[in-house]
1. Among 247, 303, 91, which residue has its Cα positioned farthest towards the positive end of the charge dipole of the chain, with +1 placed on the Cβ of Lys and Arg, -1 on the Cβ of Asp and Glu, and the dipole taken about the Cα centre?
2. Using alpha carbons only, how many angstrom separate the centre of region 3-48 from the centre of region 90-113?
3. Explain nothing, just the number: relative contact order of region 163-210, from Cα pairs under 8 Å at least 6 residues apart, as a whole percent.
4. Return the calculated 222 nm mean residue ellipticity for the chain, to the nearest 500 deg cm²/dmol, obtained by summing -39500 (n - 2.57) across DSSP H runs with n ≥ 4 and dividing by the residue count.
5. Mind ranking 198-206, 94-102 by how tightly packed they are, going by the mean number of other C-beta atoms within 10 angstrom, highest first?
6. Could you order peptides 42-54, 243-255 by the average number of other Cβ atoms within 10 Å of their residues, highest first?
7. Using only the Cα atoms, work out Rg/Rh for the chain, with Rh taken as the Kirkwood radius, to two decimals.
8. I'd like to know which of 34, 13, 203 lies farthest towards the positive end of the charge dipole of the chain, counting +1 on Cβ of Lys and Arg and -1 on Cβ of Asp and Glu.
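Only the coordinates and a few stated rules stand behind these numbers; no lab work does. Quick caveat, the model's predicted, so the values are computed rather than measured. Note that each Cβ is placed from the backbone with ideal geometry, even for glycine, and that neighbours are counted across all protein chains shown.
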Amino acid sequence: ATPAATMVGTTIGAQNGVLFKGGDVLERAKDVDTVVFDKTGTLTRGEMELTDVVAVGEVPDGGAVAERGDAATDDSATADGSTTTAEDEVLRLAASAERGSEHPLARAIVDGAEARGLALADPEAFENVPGHGVRATVEGDEVLVGNRKLLRDAGVDPAPAAETMERLEREGKTAMLVARIPAGADDGELLGVVADADTVKPSAKDAVSQLRDRGVDVMMITGDNERTARAVAERVGIDPENVRAGVLPEDKSDAVEAIQRDGRRAMMVGDGVNDAPALAVAYVGTAIGSGTDVAIEAADVTLMRDDPLDVVKAIRVSDATLQKIK
Ligand code: ADP
Ligand code: MG
């Protein structure tokens, strides 16, 4: 493109909240044939809320937090928290362990516990296990909160919670196992499950369908498990075979490279620190506005708003700018 066309395109982009880092990005964007969205914080709001607490061995479908508050007949929940149920204990221990974590999943668990008036303990020997969960010492015992692998690695069998986990995941929630290894013991015990849910951004579905209308393939990549990932994908119209789930933070860039191996030109769209390496290897890396500085720095395009539809705008501006000068 001529310098003049580049300037026009860059300006039109900026007026629409789409910042291109230079003229060559503006030219590349029109050639993108695949858009890879990060899930959390990109397609979804990234604002988790605690939705369920289930103690193992309890009624399988009990413990929905949302249902408890308005169920006047539920004698296990009292406003002043004076009755300690098995669920409250699961949540209290999980939240105490998660106090050491900044992860959105952890914040939602802590906030949910505080909202229920539970008195949390101070965790000691806190350890963050990236992509898997947390381990911390709470009141002398080790408490684990995280996915199946976190528990298996600690020698705790997640099987008794399998049905509960699958049910919550099919609902699109992120379900996390809670286990305790008492001080001095070799064996841990599975205590229960807590679940957080995120909401899909209102325009995510439109963005996916507009991209597909342009002939662009749409994919999703996430550290979350397959079942939750597919439930979210279905809500926004992404094909199940285009979902890459359970991708560890350090493997996201490899996953993008694998997608590009057969000559695809992928635009990766992400918001998190996790996403920066993937943004850097993508043909076009796009950071979504509310994202972290690290992501914005690694990206070629920054979307100033939080709106997935601006991904379509970025491609359209590139297309329009370069067609005009032909
Ligand atoms: P995402 O790519 O969606 O941001 P992460 O890679 O951070 O997800 O985490 C992947 C999975 O690891 C989560 O879905 C959850 O099961 C588990 N996990 C990560 N951090 C925590 C935590 N602080 N507490 C409980 N589970 C966690
Ligand atoms: Mg994320």
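1. My answer, from the dipole projection, is 303.
2. Taking the Cα centre of each part, region 3-48 and region 90-113 sit 35 Å apart.
3. Here the relative contact order equals 32 percent.
4. Details: 13 runs with 124 residues, N = 326.
The helix contribution divided over the chain gives -11000 deg cm²/dmol.
5. Top to bottom by mean Cβ count within 10 Å: 94-102, 198-206.
6. Per-residue Cβ counts within 10 Å, averaged per peptide and sorted highest first, yield 42-54, 243-255.
7. 1.05
8. My answer, from the dipole projection, is 13.
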